[in-house]
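Contents: one structure, followed by commentary.
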Amino acid sequence: MTPLFAVLASLGILFADTEAWAAPAVAGASVEAVQSPAWRDRGGITVPLVAGMELQSGDVLRTGSGARAYLMLAEGSRVKLGEGARFTFHSRSTQPDKTFRGALDVLAGAFRFTTGKLKKALPRDVAIRVGTATIGIRGTDLWGKTDRDGDLVALLEGRIEITRAGQTTELSQPLTYYDAPNGKAAEVKTLDPEVFRKLARQTEILAGDGAARAKGKWSVLAGSAASEEAALELYDKLRDAGFATRVRPLGVEGGGWSYDLLISGFASAADAEAAASRIKAATGLKPSVQR
């Protein structure tokens, strides 16, 4: 391995496999799945979002065009983010073992919050802020969105209390929603199931959408380079575009090295193909699928 790449590899910058991120969520949350492009901002440093990545209090997550992300909270709930989302995670419970306390700020885009049902969840004290509204939850399933037109919060199951401009509204009937247009009074309305199915698709990841997970076996070869300089240039280009990339050095017959740029973690060839199309559209590269 050439000297520069040896140094970067020792820092875990270039060659870490996607599965290396799949550590326990000691800070209270982790990334379950990513349909890139997506990024995490922390301390002035931006990196692509990757499945298995641990989240810390204060992290800002962003999703790009056509993107999705699933997050798992330590207390057993899942947060789903749609495209164009900007989301901040706050937790006052590092390594929670009795009660999870935290706040989720949805600054832009659509999200879904669903409490854990398949395993015993920790008691929680979670507030969700959606634009100008703050939601207090009591074990529930809800969907929301904030954009330039205002805020919307739909209750699917359970009970929530929404506070906006000093006024609190309780929703306890499934398929009702809180509609708060900018500059207007909020109203509680009935949500048509067919309308909700269309809304829910904005935050859902389906098979073949091109999402990566920590243990997916398929990869996308985004590009190859014959030199360190060219490999690092491709590496930066892909990561700036929101795709978590690793470099695989290959010995060349007769001496020297070539470098493959890989994006891993896809559960199927269809997911890898969808991701390859997205990479091509974002970067102009000509990716291929491999296992």
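We did not get these values from a lab; they are worked out from the coordinates using the rules stated. The structure displayed is predicted, hence computed values, not measured ones. Because the Cβ atoms are built from the backbone with ideal geometry, glycine has one as well, and the counts that use them run over all protein chains shown.
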Potential extension, Asp105-Thr168 segment - 0.36 nm per residue separation minus Cα distance: 20.9 nm
message: How much length would be gained if the chain were fully extended between Leu250 and Thr46, taking 0.36 nm per residue of separation minus their Cα-Cα distance, in nm to one decimal?
response: 70.6 nm
query: Which of Asp41, Asp192 comes first, and how do the rest follow, when ranked by fewest Cβ neighbours within 10 Å?
result: Asp192, Asp41
- line: FRET efficiency for Glu233 and Ser65 from the Cβ-Cβ distance with R0 = 25 Å, rounded to 0.05, comes out at 0.60
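When you count, for each residue, the other Cβ atoms within 10 Å and take the mean per peptide, how do 160-170, 56-66 rank with the highest first? Numbers along the way, then the final one.
Values: 160-170: 14.4, 56-66: 18.2.
Order by mean packing, descending: 56-66, 160-170.
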field: Cβ-derived FRET efficiency at R0 25 Å, Lys215 paired with Arg138, nearest 0.05
entry: 0.15
field: Spin-label proximity, Asp147 to segment 176-197 - amide N less than 15 Å from point 7 Å beyond Cα toward beta carbon
entry: 180-182, 196
task: Of the listed pairs Lys145/Lys184; Lys80/Lys286; Lys198/Lys280; Lys237/Lys280; Lys80/Lys184, which have alpha-carbon separations greater than 20 Å here?
output: Lys80/Lys286; Lys198/Lys280; Lys80/Lys184
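With an 8 Å Cα cut-off and a minimum separation of 6 or more residues, compute the relative contact order for segment 199-280 in percent.
45
With Cβ to Cβ distances under 12 Å as the rule, what net charge do the other residues near Asp149 carry (K, R +1; D, E -1)? Walk me through the numbers on the way to the answer.
On the way: positive: Lys145, Arg148, Lys184; negative: Asp147, Asp151, Asp179.
Once positives and negatives cancel, what remains is 0.
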Gained length - Glu194 relative to Thr176, 0.36 nm times residue gap less alpha-carbon distance: 5.2 nm
- prompt: At what distance in nm do the modelled label points of Lys184 and Lys286 sit from each other, each positioned 7 Å from its Cα along Cα→Cβ?
  reply: 5.1
Ranked Ser219, Ser258, criterion: other C-beta atoms within 10 Å, fewest first: Ser258, Ser219
message: Under 5 Å between amide hydrogens, which residues at least 5 positions from Ala29 or on another chain qualify, with H placed 1.01 Å from N in the peptide plane?
response: Leu55, Ala74
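Taking the number of other C-beta atoms within 10 Å as the exposure measure, put Met53, Met72 in order starting with the fewest.
Details: Met53 24, Met72 18.
If I rank by nearby Cβ atoms, fewest first, I get Met72, Met53.
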